[in-house]
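Shown next, in structure tokens, is the structure this report addresses.
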Amino acid sequence: GAGVSQSPSNKVTEKGKDVELRCDPISGHTALYWYRQSLGQGLEFLIYFQGNSAPDKSGLPSDRFSAERTGGSVSTLTIQRTQQEDSAVYLCASSLGRSPLNEQFFGPGTRLTVL
Amino acid sequence: AQSVSQHNHHVILSEAASLELGCNYSYGGTVNLFWYVQYPGQHLQLLLKYFSGDPLVKGIKGFEAEFIKSKFSFNLRKPSVQWSDTAEYFCAVNGNGFKTIFGAGTRLFVKA
């Protein structure tokens with residue numbers, strides 16, 4: 001079946017602009033994660049959605065970052081007033097449920113470049 | 001707080017050489033451990049995982065990892081690497097919560 005998809009694959013924007021990144025998880029996966037991968041860094045956890053529960057936003061680096069998940073499926077990560085340090089690859093992953101026993105399946109990522 | 005340390009950022013090997021990538025974690029409780037791999041141009045994918053039981057875990061493509069609790073380590077090994085193993089490898093730990101912490105990654109380049 002289809003894997004996790006993300007769009008756009010690449011996004012170049014000017015400092016101060018807002019951007020929206022989209023994630024389509026695998027059908028039936030109730031858990032959805034956003035990570036950020038900066039050059040030479042590991043994957044930095046941003047936010048986690050599980051079913052209809054309130055998301056865990058503890059990894060969001062600032063209030064310029066927000067995310068929503070509509071209908072328990074598609075998720076959008078929004079970055080307002082982008083800064084150059086926001087340049088990174090943003091990865092989305094989904095899994096069957098909350099348990100760490102469930103493998104996370106990753107999308108291809110969105111490479112964001114802020115000029 | 002949990003943390004994961006991968007000792008080598010870049011490794012270059014010739015084909016047929018043996019591989020060992022170091023991973024140490026910081027967490028006092030029960031842990032779940034993972035190695036993920038990202039081949040050039042492909043998505044991150046799970047290589048192997050440890051939850052409980054036999055500390056020697058075998059994954060895909062001939063990889064294995066050993067959990068040594070006393071050393072807080074989960075090193076990845078392969079007896080004989082191939083050119084196709086060229087990739088970036090990430091160690092990750094989850095302390096029975098949902099938040100998985102990833103290491104910075106190790107880029108492996110295998111010379112044909």
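Values quoted throughout were computed directly from the atomic coordinates according to the rules given, and no laboratory measurement underlies them. A quick note: this is a predicted structure, and the numbers were derived from the prediction, not measured. Using ideal geometry, Cβ is built from the backbone for each residue, glycine included, and neighbour counts are taken over all protein chains shown.
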The distance between the Cα centres of segment B:11-43 and segment A:76-114, in whole Å, is 21 Å
In the protein assembly as shown, lysine pairs 8 or more places apart or on different chains with C-alpha atoms under 16 Å apart total 9
Segment A:1-59 and segment B:51-65 have their Cα centres apart by a whole-number Å value of 29 Å
For segment B:3-111 the mean separation of alpha carbon contacts under 8 Å (6+ apart) over residue count, i.e. relative contact order in percent, is 38 percent
Cβ density ranking, 10 Å radius, fewest first, applied to B:Ile68, B:Ile101, A:Ile26, A:Ile79 yields B:Ile68, A:Ile26, B:Ile101, A:Ile79
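State, as an integer percentage, the relative contact order of segment A:5-95 based on alpha-carbon contacts under 8 Å between residues 6 or more apart.
38 percent
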Here, segment B:47-108 modelled as identical Cα point scatterers in vacuum has Debye log10 I(q)/I(0) at q = 0.16, 0.18, 0.23 Å⁻¹ of -0.57, -0.72, -1.12
At q = 0.10 1/Å the base-10 log of I(q)/I(0) from the Debye formula over the alpha-carbon atoms of the protein assembly as shown is -0.46
